[in-house]
Each structure stands twice: as structure tokens, then as C-alpha cells.
Amino acid sequence: MAVLKVYDYSNYENAIPVTVENDKCYCVHNANGADQLKFELQKASGGYGYIYEEVKVECFSNRFIIKKIEEQSDFVVVTCELDYDDWLENIYIDYRKTNINLPSVLATILPTNWSISYGDGVDLVRRATVEYQEGVPFRASNAKTILDVIGATYGVVFNYDTIKKILYVINMGFYSPSGDYFIEDLNMSNLKFTGDSSNFITRLYVYGKKDEATGKYLSIASINDGKEYLEDTSYSDKIISDSAVDERYTVVEDLKAYGESILAERSIPKRSYTFDIENIDGTMYLYKVVTIVDKSKRLRLNHQCIKYTEYTDHSYDMVTLSSVAPSIDLVLNSVSSGQAAMTGRISFTETNIEAISELMLGTSGGYFKWILDSAGNKKEFLVLLDSTSVGTANKLFKLDENGLHYSSTGYNGAYTTILNEQGLVTAASATYPDLQNKPQINGVTLTGNKTLADLNFNPLTEAEINEILV
């Protein structure tokens, strides 16, 4: 049985042991360090009474916080996230650090009583700028949001020991093959393979900060034999080009290293294997590089562990191995304090966010509009066909809780067509859905799917249909 330490909701100093079946309790170790604890608990068990949102739980040598509770008939499924509370406590106003190395920038946001452990291969010298966007600081952001951007900026990931309060800084690319082999039907089962070359390239043009005086972007030509691109044709000799521009890079050596990391990821197809393993000795760990022998494809390739599902009984363990580690900007994304975190290749500015909001609300023009109620809730969605203004549009679709409506005479109607769960009604329709308890038309109550011939009267006018649909 797995034993959880569940802290009393009213007294965080008091931990209650709660037992869970071995196959019902596991920790998902993700490449971005955002571990999750999940377990199932019988509602009839004594420990169920201690399960509340935001209660802290210790298991797998870490502390988590209950975030989701899903009750079923006789059991409950509980999902917990790491205890990031220390990183969410303080807000930093106008945070921006320029020309600073990794240890120095981490020291500015490290919570009280936390320490840092740097893994092998982490660059402690390279200087960079940490900011919301070029020249703009973070505004009212917590340390966790800033930390995610720091990881993307310096090409590292973070793991957390929330009990001992240690932040581990990891260079995923520094891990070398461990010498362990995995072979189907020998020490792995339920093998699933995924291959993807949709993002495949062999040549990458890479550019850094733009020189406003010359209008040119920093390139790597000065240290790359005069070429502005990097190339890797080890998998294919086809020339497939793409580019990457990141104006945070002002040092050409750093820019080249940035480009090399991207090309290494994209110059071979992405291949991943998911399988069950016999991990009785507990030697599997996140980021470990092992050798996969795929007998059916006659392949022998090194793969890195990018997801490790660990049980207290390691015979249940599962791993996901990938030939290409997920890029930093994909694993380090976070939205917090109403602000989108900038990553290595994509940034969202306040202007971007406002523009998206205005588009969805229909305040900045466009053919798509939300209509809000007095409380600001979205109650109707409009698709305007012949104008970007609700006031001047004649042809439009309206979607609300009563279905999809069409009008050719403006927002105020009449709506001559409606599609809902009961069917379709139009002014010239041959059939009508169940409209019982509605007013009679020409002395006939429309119930069931009645045709116009059955009702023996002329097609309804728009005004009559509107009366029915009130």
C-alpha cells in the first residue's frame, strides 16, 4: 500500500497517514518539472474525510497541493500539483534584468529559505536579458511566472524539492547515454510508437537583435564561415530551410548556440515510444538517456525520458522516451497574474492580448461578435455576413441558448430560420419540429413533425414564425 501524508485542513502541522492501493497512486514526472500526484481513494475509507482543495499532501519525496477532486459513485479521483506557494507569495513590479547571468537573476526571485542546486552542463556564465518583451519589464508578476521565462531564456528546466526547498537547475541536453537497453518482449511491454516529421528542416537561418542604424539583424556569419545559416543533413540531404529570429540575443556566440539547439531538435524526425517497464530496481529517472532496440523497424536509437510515471510499486511504472527532447519554449509555458509568459520563440505582449480580447468581444471590428449580458457574461455569438457592424448588418447568424438563428433583416429580426436540438425550422421548410405549447397558427397547433401538407395551409410568414419562436 502507498502511504500519503495528508495535512489536516485546520492544522498544517498535523499530518494524517492515508493509505492507497499501490496501483491507484502515482506521480507523473514531466520534462518541465511540473510533477503531478494522482490517486484514487474509496469514499468509505477513513482518509476520505481529510481530502479538501488546497490541502497539502506528501508522497514520492515531495509536497503537493490538492487541486482537483472528482467524486465517482464509490471512490474519488484526486489530482495534486507541486506546492508552489512560496513562489506565488510575492509580486514583482516592473521586473526587468539586463546583461545578467543565471545565478544572479535567480537570486533576485528566490523565496526565503530556498536554495539552488545546479546540474552538470548548466551555463553559469552566459549573460542575457530577462524581460516581458524587448525593453518592457514584467508588471505585477509572481516569481513562478518570471522563473518560467528565465528557464526559456537560459535554456534550462527546473525541478522542485518542495519539502527541502531546493530548486534544481537542469540542462536536458547534457545527459549522455546511460548504457541501458530496452528491447520489446524483454524488459518493456505495450509498446506504442509515434513518428512525426512535420516540423523537419535541414537548414536554419538564425538572427538576433536588429541594429536600428543599419536595419540589419545580428547574424552568425562572422563565426560561421560567412554563412548566415546552420545545416544538418545527417538524416536527409534535402535542403529544407527555415528561420528563427530572437532579438534578445546580442552576442553572436550565444545566437549560434541558440540556433544549434533548434536545428538539433528539428533536423531529425520526432520519434517517441511509450511503454510499460519492469522497473523493480527503480533505476529509471527523468531525463535519463537509454537505447531503444525496435525489432520491427530494425532501429537502434538513443532516446531520452521526457515523462516518467512512477508508482510506489515500480512494477507499474511507465515511461515516455523521445528521440528529441521537447524544446524549452514548449515545456516552460505559463500564464499567471493575467500576463502571458514570454518563451524562447513566441511572446505575447499586452497589445496582443488586448487585440485578441477586442476581436472576441467585437469592439475592434470584424465579422464575429460576442453580445454580453449586464453582468459581462457572454450570452450570444454573432456571425455577420455583410457588415462588420451589428447596427448595419442585414444578414447574420446568432447562436444562443435556444439554438442557431438566421436573419436577413438585421439583428432585431425577423429570424426566419432556427436550428436547435428539436430540428430545423425555416419559412419555406417542408417540416416543423415539436413546437407544442406554442400559439396556434391558422387555428392549428404545431405538434410533432408536421408537414405543410399535413397542416393544409400556406407557408408561414416571417412574422408568424417569429410568433412561434418567441
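The values are calculated or read from the model by the stated rules, or taken from the named source; none is laboratory data. In this text the structure is predicted, and so the values were computed from the model without any measurement. Note: ideal-geometry Cβ built from the backbone for every residue, glycine included; neighbour counts use all protein chains shown.
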Seminar exercise, completed: Among TYR48, TYR92, TYR52, the single one that is assigned by TED's automatic domain parsing to the domain that holds GLY151 and either surrounded by fewer than 19 Cβ atoms within 10 Å (Cβ to Cβ) or among the small types (Gly, Ala, Ser) (or both) is TYR92
Exercise. Which residues, counting only those in the stretch 202-217, are surrounded by fewer than 16 Cβ atoms within 10 Å (Cβ to Cβ) and either part of a loop (DSSP other than H, G, I, E, B) or of a type in the set (Gly, Ala, Ser) (or both)?
Worked result: ASP211, GLU212, ALA213, THR214, GLY215, LYS216
Exercise. Is at least one residue of the stretch 175-198 within 24 Å of ARG63 (Cα to Cα) and in a strand (DSSP E or B)?
Worked result: no
Problem set entry | Residue satisfying condition, being of a type in the set (A, V, I, L, M, F, W, C) and surrounded by fewer than 16 Cβ atoms within 10 Å (Cβ to Cβ), within set VAL77, VAL6, VAL18 | VAL77
Seminar exercise, completed: Within the stretch 211-236, residues touching a residue at least 12 places away in the same chain (Cβ under 8 Å) and not hydrophobic (A, V, I, L, M, F, W, C) come out as TYR217, SER219, SER222, ASN224, GLU228, TYR229, GLU231, ASP232, THR233, SER234, TYR235, SER236
For this session: State which residue pairs qualify: first residue without any contact (Cβ under 8 Å) to a residue 60 or more places away in the chain and inside the stretch 401-417, second residue assigned to a loop (DSSP other than H, G, I, E, B) and of a type in the set (Ser, Thr, Tyr) in any location, beta carbons under 8 Å apart, and separation of 6 or more residues or different chains.
Result: THR416/SER408
Seminar exercise, completed: Within the stretch 403-416, residues over 32 Å from the mean Cα position of the chain (by Cα) and surrounded by 13 or more Cβ atoms within 10 Å (Cβ to Cβ) come out as HIS405, TYR406, SER407, SER408, THR409, GLY410, TYR411, GLY413, ALA414, TYR415, THR416
Seminar exercise, completed: Selection over the stretch 270-293 where residues are within 22 Å of the chain's Cα centre (by Cα) and at pLDDT below 85 yields a count of 5
For this session: Scan (1) farther than 30 Å from TYR132 by Cβ; (2) more than 25 Å from the chain's Cα centre (by Cα) for the single condition SER267 breaks and write down its number.
Result: (2)
Seminar exercise, completed: Residue pairs qualifying under the 7 Å Cβ cut-off, at least six apart or on distinct chains, with the first in the stretch 245-271 being in contact (Cβ under 8 Å) with a residue 24 or more places away in the chain and part of a loop (DSSP other than H, G, I, E, B) and the second being of a type in the set (Gly, Ala, Ser) and crowded, with 17+ Cβ neighbours inside 10 Å, are ASP246/GLY208; ASP246/GLY344; GLU247/GLY208; ARG248/ALA128; TYR249/GLY208; THR250/GLY208; ILE268/SER323
For this session: State whether the residues of the stretch 218-225 include one that is crowded, with 16+ Cβ neighbours inside 10 Å and assigned to a strand (DSSP E or B).
Result: no
Exercise. Among the residues of the stretch 22-30, is there at least one that is basic (Lys, Arg) and either exposed (fewer than 14 other Cβ atoms within 10 Å of the Cβ) or assigned to a helix (DSSP H, G or I) (or both)?
Worked result: yes
Seminar exercise, completed: Considering residues that are outside any strand (DSSP E or B) and touching a residue at least 24 places away in the same chain (Cβ under 8 Å), the number found within the stretch 298-320 is 6
Problem set entry | Test result for TYR205, under 23 Å from GLU89 (Cβ atoms) and touching a Gly at 6+ places or on another chain (Cβ under 9 Å) | no
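Conditions tested, residue by residue: (1) surrounded by fewer than 20 Cβ atoms within 10 Å (Cβ to Cβ); (2) basic (Lys, Arg).
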{"position": "VAL157", "(1), (2)": "no, no"}
{"position": "LYS164", "(1), (2)": "yes, yes"}
{"position": "ILE170", "(1), (2)": "no, no"}
{"position": "ASP180", "(1), (2)": "yes, no"}
{"position": "LYS192", "(1), (2)": "yes, yes"}
{"position": "PHE200", "(1), (2)": "yes, no"}
For this session: For the stretch 124-134, enumerate the residues that are among the acidic types (Asp, Glu) and buried (at least 17 other Cβ atoms within 10 Å of the Cβ).
Result: GLU131
